[in-house]
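Trainee: Sharing a structure with you now.
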Amino acid sequence: MKRQDFRFFHRLRVRWAEVDMQKIVFNAHYLMYFDTAIADYWRAIGLPYEAAMVQLDGDLYVKKATVEFHASARADDQIDVALKCTRIGTSSMAFSGAIFRGDQLLITCELVYVFANPATQTSRPVPALLRGILDDYEAGQPVVTLLTGSWATLGTDAATVRTEVFVQEQAIPMEMEWDAADGSALHAVIRNRLDQPLATGRLLLQAPGVGKIGRMAVIRVMRGTDLGRDVLKALLDAAWARGDREVVLHAQRSAAGFYARQGFSCRGPEFDEVGIPHVEMFRTR
């Protein structure tokens, strides 16, 4: 089994608490590494696990987990946990996993899950929609859709994400979240295959040749993926296409690093907006 056999990787660093006196990982921890990685696998295929399973009317239960040891990970190693879905049966699905230190194969595993009724834990057929998502992801096909359009077209989805992130999570008053600018803005929304909205943002015209991006939000369980980057890129592309020379935004201080990695620079002092520290950032074409 080689790295090129996989398209999904979860990276972690081995903690000292996870090793024995020989400074090698306790065997049982490898299953924990795979379990942590499988949670990120669901994010990679665009599914917030709990909400997705509710909509699919089922849940997944581990039927079998086998581990084969080839070499040991040690304290402070940076390792990559790889996973791929290798088989989908009537009511079960199998994943092959591997742990690498660089290109060196350390551990392999097989995980078998059964899709079942969560109330009775009796098996039921894997939904065709879930089967298609898994097949397409492993084949390198897109599993989410990015849309741009008006508030009339995308407002319901954008409002769902913004309510979850800004109103419920950050406790911004509802009346401060909505404004008349939504009606004239270009909105971007990312949906998964279950038509669940995952991320959003909007683009305004602040002045001739100057666009303003705002209301950028990704639901909590999907953070750490590329969804925010993809929404930002779509809005930037729209700004450049209409002839904007500069795009500005008010970044929450905690998100400034993200925007800096996308080519934005800070301008001016920090300021308070809706009770949260912000900084103005800008990018020219």
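Trainee: Roughly what angle does helix 151-162 make with the longest principal axis of the chain, taking Cα atoms, 0 to 90 degrees, to the nearest 10?
Mentor: It works out to around 60 degrees.
Trainee: Once a ≥ b ≥ c are taken as the square roots of the eigenvalues of the Cα gyration tensor of the range 3-138, is the result rounded (a/c under 1.5), prolate (a/b larger than b/c) or oblate (a/b not larger than b/c)?
Mentor: It comes out prolate by the Cα gyration axes.
Trainee: In terms of Cα to Cα distance under 30 Å, which lysines are near enough to residue 64, apart from those fewer than 8 places away along the same chain?
Mentor: Correct list for residue 64: 2, 23, 84.
Trainee: When the dipole is taken about the Cα centre of the range 3-138, and only Lys, Arg (+1) and Asp, Glu (-1) are charged at their Cβ, what size is it in debye, to the nearest 20? Before the final figure, lay out the partial values.
Mentor: Working: 15 positive and 17 negative charges, 18 e Å.
So the magnitude is around 80 debye.
Trainee: Could I ask something else about it? Give the angle, between 0 and 90 degrees and rounded to the nearest 10, that separates the Cα long axis of helix 128-138 from the longest principal axis of the Cα atoms of the chain.
Mentor: 90
Trainee: OK, next. How far, in degrees from 0 to 90, does helix 227-241 lean away from the longest principal axis of the Cα atoms of the chain, to the nearest 10?
Mentor: Between helix and principal axis, roughly 40 degrees.
Trainee: Give the shape of the range 144-284 as rounded, prolate or oblate, defined through the alpha-carbon gyration tensor: a ≥ b ≥ c are the square roots of its eigenvalues, a/c under 1.5 means rounded, and otherwise the shape is prolate if a/b is larger than b/c and oblate if not. Please report the intermediate quantities before stating the final value.
Mentor: Working: a/c = 1.37, a/b = 1.14, b/c = 1.19.
Because its axes are fairly even, with a/c under 1.5, the range 144-284 counts as rounded.
Trainee: Among the lysines, which fall within straight-line cross-link reach of residue 233, defined as a Cα-Cα distance under 18 Å, with same-chain neighbours fewer than 8 residues apart omitted?
Mentor: Partners within reach: 212.
Trainee: Using the Karplus curve 6.51 cos²θ - 1.76 cosθ + 1.60 with θ = phi - 60°, work out ³J(HN,Hα) for each residue of the range 266-271 in order, rounded to whole Hz, and write x for Gly and Pro.
Mentor: 6, 8, x, x, 5, 9
Trainee: Report for the chain the percent antiparallel among DSSP-assigned beta bridges with both residues inside it, nearest 5. Before the final figure, lay out each step's value.
Mentor: Numbers: 69 of 73 bridges.
So the antiparallel bridges in the chain amount to around 95 percent.
Trainee: Counting each DSSP H run of 4 or more residues in the chain as -39500 (n - 2.57), what helix-only mean residue ellipticity at 222 nm follows after dividing by all residues, to the nearest 500 deg cm²/dmol? Walk me through the intermediate numbers first.
Mentor: Working: 7 runs with 72 residues, N = 285.
My calculation for the chain gives -7500 deg cm²/dmol from helical runs alone.
Trainee: Hey, with R₀ at 41 Å, roughly what FRET efficiency would residue 220 and residue 120 work out to, going by the Cβ-Cβ distance, to 0.05?
Mentor: Numbers: r = 30 Å, r/R0 = 0.73.
Here the calculated transfer efficiency is 0.85.
Trainee: Oh, and also: Which is farthest toward the positive dipole end of the chain among 72, 115, 214, measuring Cα position about the Cα centre, with Cβ charges +1 (Lys, Arg) and -1 (Asp, Glu)?
Mentor: Toward the positive end, the furthest listed residue is 72.
Trainee: Further question on the same structure: How large is the charge dipole for the range 57-216, taken about the Cα centre, if only the Cβ atoms of Lys, Arg (+1) and Asp, Glu (-1) carry charge, to the nearest 20 debye?
Mentor: Numbers: 14 positive and 19 negative charges, 63 e Å.
That gives the range 57-216 a dipole magnitude of about 300 debye.
Trainee: Straight-line reach from residue 63: which aspartates and glutamates have Cα under 16 Å away, leaving out those fewer than 8 places along the same chain?
Mentor: Candidates past the 8-residue exclusion: 35, 110.
Trainee: Treat each spin label as a single point 7 Å out from the Cα along the C-beta direction, and report the residue 210 to residue 276 distance in nm.
Mentor: About 2.3 nm separates the two model spin labels.
Trainee: Counting only residues 5 or more places away or on other chains, whose amide H sits under 5 Å from the amide H of residue 216 once H atoms are built in the peptide plane?
Mentor: 202
Trainee: I've got another one for you. When percent of Cα pairs over 31 Å apart is calculated directly from the model, which label among (i) 41; (ii) 19; (iii) 32 fits?
Mentor: Matching the structure shown: (i).
Trainee: Separate question: Using a simple charge model, +1 on the beta-carbon of Lys and Arg, -1 on the beta-carbon of Asp and Glu, nothing else, what dipole does the chain show about its Cα centre, in debye to the nearest 20? Walk me through the intermediate numbers first.
Mentor: Working: 33 positive and 34 negative charges, 143 e Å.
Its charge dipole is roughly 680 debye.
Trainee: Under the rule of at least 5 residues apart or a separate chain, name every residue whose amide H is placed under 5 Å from the amide H of residue 86.
Mentor: Sorted by chain and number, the residues that satisfy this are 94, 95, 96.
Bear in mind these aren't lab numbers, they're just calculated from the coordinates by the rules spelled out. These figures come from a predicted structure and were not determined experimentally. Positions of Cβ are generated from backbone atoms using ideal geometry, with glycine treated the same way; all protein chains shown enter the neighbour counts.
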